[in-house]
Amino acid sequence: MGGHLGFQSSRLESLDVFRGIAIVGMLLVISPGSGQYVYGPLRHAEWNGFTFADLVFPLFVFTVGVAVALSLSKRIQRGEKRRTMLLKVIVRTAVLFGLGLVLNRLWYGDSSGLRVTGVLQRIALCYFFTSIIFMVGEFRGLMVSAAVLLLSYWVMMKLVPVPGYGPGVLEKDGNLAAYLDNLLLHGHLYKENWDPEGLLSTMPAVATAVLGASTGVWVLSPRTKTKKALGMILIGCAGASLGMLWNVDFPINKNLWSSSYVVFTAGIMLLIFAFCYWLVDIKGWGMLTKPLTIFGRNALATYLISDVTKYILIRNSTWTQLYRSLYALSHDPTAASLLHAITYTLVWLGPAALLYRRGITIKI
């Protein structure tokens, strides 16, 4: 762990902006007024390929990795014992996973058919494994771990035969990830026979977080800020290009969280983060991104509370009434659905701003 001790420990303001982009994107994607009339970019790709919506979740997971690097680096510098750090990681993982199960219980009914996996559960597992990898390895260890996870997943998905289908099937039916999910979690999945946050696809999702941690290590290194930004731009372009090349053999696919999807989205995330870093930490123009900073300071709490609120609004029909009101104004069902998502997202800027002004950060 000696290599971690040379890190700079100043606060990375651009991370809050970056995280703010993630939560704003997530709120927009999960808040259409009508599931039938969803604005195109906010609708997930049916299977292969991607839309704006398919970039949001990996952005959130990537920020988790960056935050892991910043947080654990500070603790290491303070001389905190590894056992103490591990205990805190385990507790936070359990809390996140448990909250995910509570949300699933809310949305999907009784425990007999409770969905086990989900957004918060995936974030929890990515946080846990990335933290472990970070504590036992340095920058090179992170990169090697990401490569091993991505290559192993690729090999398994392409070469391990699925009963009744054979090897290399990457469609909804017959792929290895869906087969294992159905075998181990039958009756507790998002769909009847597969889950976009399933067990095997957690492997490459962890790689997304690990690549985020690698970015955090890079930003905390003693290089000049300009070199750090340029490095992220160069690697980001290379990652996005490599992901597109890999797409030829292993299609970019959020539901499978394919290896090409990880590399491609990591490249995009690096470019976005480099811009945030340049704008806020180099140029000092943080006032331009203040709303994103406000959202980013309590991102997970905002997601959790907004999702519960959404459930309540749907149950008492307020959600549908708001959509109908917007539809009456626009006479365009898709435009009304988009306005609904924007409105619901902006509503949460108020509570987030109140917490920000009072210096309150709700840690989950």
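Where a number appears in this text, it was derived from the coordinates with a stated rule and is not lab data. The shown structure was predicted, so the numbers you read here are calculated from the model rather than taken from an experiment. Heads up, the Cβs are rebuilt from the backbone with ideal geometry, glycines too, and the neighbour counts pull from every protein chain shown.
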Item to check | Relative contact order of the chain, pairs being alpha-carbon contacts under 8 Å that are 6 or more residues apart, as % | outcome: 28
Item to check | Cβ-based exposure ranking for 173, 307, in which fewest neighbours within 10 Å come first | outcome: 173, 307
Checklist entry - Using alpha-carbon positions, what is the distance between the centroids of segment 266-284 and segment 16-64, in Å? => result 19
Checklist entry - Could you give the distance between the Cα centres of segment 147-195 and segment 73-142, to the whole Å? => result 23
Item to check | Residue-wise HN-Hα coupling along segment 71-83, computed from phi with Karplus coefficients 6.51, -1.76, 1.60 (Hz; x: Gly, Pro) | outcome: 5, 5, 4, 5, 5, 5, 4, 6, x, 5, 5, 4, 4
Next on the checklist: Students often forget the sequence filter, so: which lysines lie under 22 Å Cα-Cα from residue 228 once same-chain residues fewer than 8 apart are removed?
Outcome noted: 74, 283
Next on the checklist: So if I place +1 on the C-beta of Lys and Arg and -1 on the C-beta of Asp and Glu, and nothing else carries charge, what would the dipole magnitude of the chain be about its Cα centre? I want it in debye, nearest 20.
Outcome noted: 1560
Item to check | Top of 300, 86, 338 by mean-square fluctuation, Gaussian network on the chain, Cα under 10 Å | outcome: 86
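Seen from all sides and averaged, what is the projected area of the convex hull of the Cα atoms in segment 252-364, in nm²? Walk me through the intermediate numbers first.
Details: hull surface 40.3 nm².
For the Cα atoms of segment 252-364, the hull's average projected area reads 10.1 nm².
Please state, as a whole number in µm²/s, the translational diffusion coefficient that the Stokes-Einstein equation yields for segment 269-319 at 37 °C and 0.692 mPa s, with Rh defined as the Kirkwood radius across alpha carbon pairs.
251
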Next on the checklist: Can you sort 276, 237 from fewest to most other Cβ atoms within 10 Å of each residue's own Cβ?
Outcome noted: 237, 276
Checklist entry - ³J(HN,Hα) across segment 85-97 via Karplus (A = 6.51, B = -1.76, C = 1.60, θ = phi - 60°), whole Hz, x for Gly/Pro? => result 4, 5, 4, 5, 5, 5, 4, 5, 4, 5, 5, 4, 5
Item to check | Residues 215, 345 arranged by fewest to most Cβ contacts within 10 Å | outcome: 345, 215
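Give me the percent of Cα-Cα pairs in the chain that sit more than 26 Å apart, rounded to a whole number.
52
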Item to check | Phi-based couplings in Hz for segment 264-270 (Karplus 6.51, -1.76, 1.60; Gly and Pro marked x) | outcome: 4, 5, 4, x, 5, 4, 4
Checklist entry - Among all the lysines, which ones have a C-alpha under 23 Å from residue 158's C-alpha, if same-chain residues fewer than 8 places away are not counted? => result 172, 191, 254
Item to check | CD proxy at 222 nm, helix term only [per DSSP H run n ≥ 4: -39500 (n - 2.57); per residue of the chain; nearest 500] | outcome: -22000 deg cm²/dmol
